[in-house]
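Written out below as structure tokens is the structure these notes cover.
Computed from the coordinates by the stated procedures, all read-outs in this text should not be read as laboratory data. Just so you know, these numbers come straight off a predicted model, no measurement behind them. For neighbour counting, all protein chains shown are included, and Cβ atoms are generated from backbone atoms with ideal geometry for every residue, glycine included.
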Amino acid sequence: MVQNSSPSARGANAQQLNKIGRGRIGWGFIAMMVILLIIAGRLVLVQGLDVGNMAQAAENQRKVVQTLPAVRGKIVDVKGKVLAESIIRYNITVSQINFAQYPEFKRVDIDPKTGEGIIDPATGQWKVESFTADEGIEQLSQLLKLPFDDVKKSVTGDKVHNFVAMDVSPQVEQQVAALRVPGIYSEVVTKRVYPMGAVGGPIVGFLDKQGKALAGIEQTMDAKLTGKDGSRTYQAGKNGIIIPTAPVRTVPAVDGQTVKLTIDQDIQFYAQQAAQQQKEQYKAEWVSITVVEAKTGKAVAIADSDSYDPNNVGASDPSDIGSRSISSVVEPGSTSKIMTAAALVQEGLATPLSEYLVPPTLTIDGQNFSDSFTHGTEKRTLSGIITDSMNTGTVMAGSKLSLQQRYDYMRKFGVGEKTGIALPGESPGILAKWQNWDGRQQYTVLFGQGVAQTPLQTTMVFQTIANNGVRLKPAIIDSFTHADGTVETVPQAPGVKVISPETAKDARDMLEGVVTMTDYKVVDIPGYRTGGKTGTAEAPADNGVGFDGYTTSFIGMAPMDDPRYVVGITVQRPQGNVYGITQGYTFNQVMGQVLRSNDVPPSTTPPVKLPKFYK
Amino acid sequence: MSQNALRSSHVVVGNTARVLTEPLPPVAPSEPKVKKSRAALSLVVSAPRGGRSSLAVTLLLMVAVALGVVLVMSISVSKGQYELVDLKSQQSELIKANQSMEQEIAAKQAPQELAAQAAALGMVPAGVTGQIDVRTKSVSGSPLPASADTKGLVDIPAAVIDTPQAPVPVEAPLSPAAQVNATENSDAEDTAAKASAAKPSAVKETPKPAANVPATPDLNGGTIPGPAQKDS
């Protein structure tokens, strides 16, 4: 029974099952095909047609653009000494929370010679030392040269990020990292440093905290100094690691250009010292000393008293920010007389030996002029008038020039226009149109009153005379060095021909007469023939009403056989008797230093001594 | 050879076959011999079998070698990568160290620094100078030896660089009400704050913005910052 029924039943079941099974397989197949079709269709949609820009979105998500910062160019002096550069510095920071978690911490002893961990011979393990948090602070404070209490104060609390010290050098940062104090980190910052500090500070200028150039060469040459940031585009996974097979595109950064100045830091330093000395000696408001190469117009030094340190601008008086040599205008006084004399010679109205009968006081057009010393009626040569700086004689001689001639010559000598030096905040000076001159001004301009110039402008007047009558544009930039090393020299700007070489020679002779023929010989640089002119003018009050104090100056050149350098010294509002003040000694010091350090050969020709009087 | 010769003699294409002029020689007696010799032929299997297996071995070896080469290459490349990263970090360390040293030199070359050093060594500025003319062997001017009490010009302060600066404490701005509260609450705290505010001025430097942006790099959701190498 069992044996019989079972095979038959089994056979029926198998057949039925087979049928059902086949049907199921069929359905399953269809279902699978449908699913497959859907997936395949989706695949085509996503991969092939990219509906919804998925690939782009994914790439955008992976793409990381990193800026490769360009390094700002250096500023160097004429000998290549660094005046400004950008360096890497670190801020030491702390996570106070992390710091508080470790009342004790351990670190492996490091052999200072090899930089490797010291292995304890007893155990064969690294020597590990344990420190308390306070010991860690002590070590930190010693490295950072900060008081223990200050460091402790900055590391305790519940802040995630706090500063412990700013602007530490990479070496110190390395040492700090080697301390392995928990919770102490560092962050890198770029800092602009000025190794020479106040020497040349007002020329170099400075940047603000955001890196914006605010003064000096930093400002005027900002476009050249600023490099071009590069970038690196790569794809990174969610964990921030670069996907190696994805393309990496690097646009390298182009560093800024190095700006080489014409300034010589040693002369600049000396001139700044001299300026400061004069300021302190005479309790003056400010002192400016400019040194210019006569034949190229290159500024060797532009020194101001109380120059600021660009590393620490905040410590300086805001009124000292900037360079007074190019931004402050003062009445030049008697130094202008040489312009009048040169104009007279150039126009053929006089020679250095032309004769003038100079009265004790001169009244012309109802205007009365007198001199700084009392004298009777004197038989003076033009040179004698310049030597003793006589206002009466200058007006007498200069009145032969028409008003327009007086104006035109001053303009040609550069008065009333910016010199064009590449420094910010330059003043053009003040020179009214000759039609607007009042009755007195038309004569006072002949001896440097009723007109205002910057100390640099006055120096450039003498540069014109030193350079055979051609006024040059004062240069302060020698060259640019590109990131790839190519040097781009700044060409000499064409000069303005003001007077003929012969007139310039006569003017130089008269300037030398000031040195050789004066009664109180102060200007004397052993071995060199020098020439120059003193100036004293009343300083207009700052509030514009009347006069308040004086401006005294001396502008000179050397060696007179073939002038190489012009030095201009201007002292604003010295205290005491102005006629007892001379800038001659300072001129000797500065010009002497310039001549000696530039190996200028001593004069070989005898000095010119034009007679002051005629018979 | 004989077989080959036989086979080649049989290879005759129809129209080039020679016309038989004679009756064929009786072949019957030779037939059994032929059959025997055919039976003696057996399939030559050993040679192809041996060739195939050696090819497989060669291929496997080649694959193994190729894999080995790839392995060695990838190991050496990754090793090189580590070395590269190491060297790059070493380079950046050296650049930094070099930069610091250059800056130190620049600071030491600063004229103020030189003047101070010279003064520390007991040097004084030269007094009156003269010139020596080697051609005429004469000395012009009236040079005098400098005396120890010769004073130089005034000093110019050295640059303020690289003294680690304590951060300037920035007090959170309080509302006026809170300020009143604060002053009422603790005079002692106030004086302490004043003292601490006065301290940083001992180290001269322009105030640093303590509210600097916290320098957490953008990790794009990850925890490991991308390598911070410049270029390539």
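On a 22 Å Cα-Cα criterion, which of the cross-link pairs A:212/B:108; A:224/A:260; A:533/A:609; A:400/A:433 come out too long? Going by Cα-Cα distance, A:212/B:108 fall outside the 22 Å limit.
For a straight C-alpha distance cut-off of 18 angstrom, the aspartates and glutamates reachable from residue A:418 (same-chain residues fewer than eight places away being disregarded) are A:331, A:408, A:426. Backbone geometry of the stretch B:98-114 corresponds, through the Karplus equation with coefficients 6.51, -1.76 and 1.60 at θ = phi - 60°, to 3J(HN,Hα) couplings of 4, 4, 4, 5, 4, 5, 5, 4, 4, 5, 6, 7, 4, x, 4, 5, 4 Hz, x marking Gly and Pro. Shielding of peptide B:95-105 by partners, expressed as the average count of other chain Cβ atoms within 10 Å per residue Cβ, is 4.
A viscosity of 1.002 mPa s and a temperature of 20 °C, combined with the Kirkwood radius over C-alpha pairs in the Stokes-Einstein formula, give chain A a diffusion coefficient of 70 µm²/s. Please rank A:605, A:419, fewest neighbouring Cβ atoms within 10 Å first, as an exposure proxy. The order, fewest Cβ neighbours first, is A:605, A:419.
Helix A:584-597 and the long axis of chain A differ in direction by around 60°, with both axes built from C-alpha atoms. Other residues whose C-beta falls under 15 angstrom from the C-beta of residue B:154 contribute a net charge of -1, scoring Lys and Arg +1 and Asp and Glu -1. Taking every residue in B:148-157 and counting other chain Cβ atoms within 10 Å of its Cβ, the average works out to 5. Please work out the Cα center distance from the stretch A:431-492 to the stretch A:571-613, rounded to the nearest Å. If we compute the Cα centre of each part, the gap is 21 Å. For residue A:164, nonlocal amide neighbours, meaning residues 5 or more places apart or on other chains whose placed amide H falls under 5 Å from its own, are A:92, A:93, A:94.
Rounded to the nearest Hz, the phi-derived 3J(HN,Hα) couplings of the stretch A:484-496 under the Karplus curve 6.51 cos²θ - 1.76 cosθ + 1.60 (θ = phi - 60°) are 8, x, 6, 9, 10, 7, 7, x, 5, 5, x, x, 10, where x marks glycine and proline. Which angle from 0 to 90°, rounded to the nearest 10, does the C-alpha axis of helix A:455-466 make with the longest principal axis of chain A? Approximately 60 degrees, to the nearest ten.
Select from the stretch A:408-488 those trypsin sites (Lys or Arg not before Pro) which occupy a DSSP coil region and have at most 12 other Cβ atoms within 10 Å, ordered by residue number. Taking the stretch A:408-488 and a limit of 12 other Cβ atoms within 10 Å, the loop trypsin sites (Lys or Arg not before Pro) found are A:433. The label-point distance for residue A:543 and residue A:68, in a model that sets each label 7 Å from Cα toward Cβ, rounds to 6.2 nm. Ranking of A:27, A:437 by neighbouring Cβ atoms within 10 Å, starting from the fewest: A:27, A:437. Take each residue of peptide A:190-197, count the partner chain Cβ atoms within 10 Å of its Cβ, and average: the result is 6.
Across the stretch A:302-310, computed HN-Hα scalar couplings (Karplus, 6.51 cos²θ - 1.76 cosθ + 1.60, θ = phi - 60°) run 10, 9, 10, 5, 6, 5, 8, 8, x Hz from first to last residue, x flagging Gly and Pro.
As I understand it, the value is the acute angle between the Cα axis of helix A:337-346 and the longest principal axis of the Cα atoms of chain A; what does it come to in degrees, rounded to 10? Once rounded, one gets 70 degrees. At a threshold of 8 angstrom on Cα-Cα distance, excluding pairs fewer than six apart, so keeping six or more, what relative contact order does chain A reach in percent? Computed over chain A, the figure is 14 percent.
Counting neighbouring Cβ atoms within 10 Å and putting the fewest first, the residues A:242, A:263 line up as A:242, A:263. Less than 5 angstrom separates the built amide H of residue A:83 from those of A:75, A:76, A:77, all sequence-distant by 5 or more or on a different chain.
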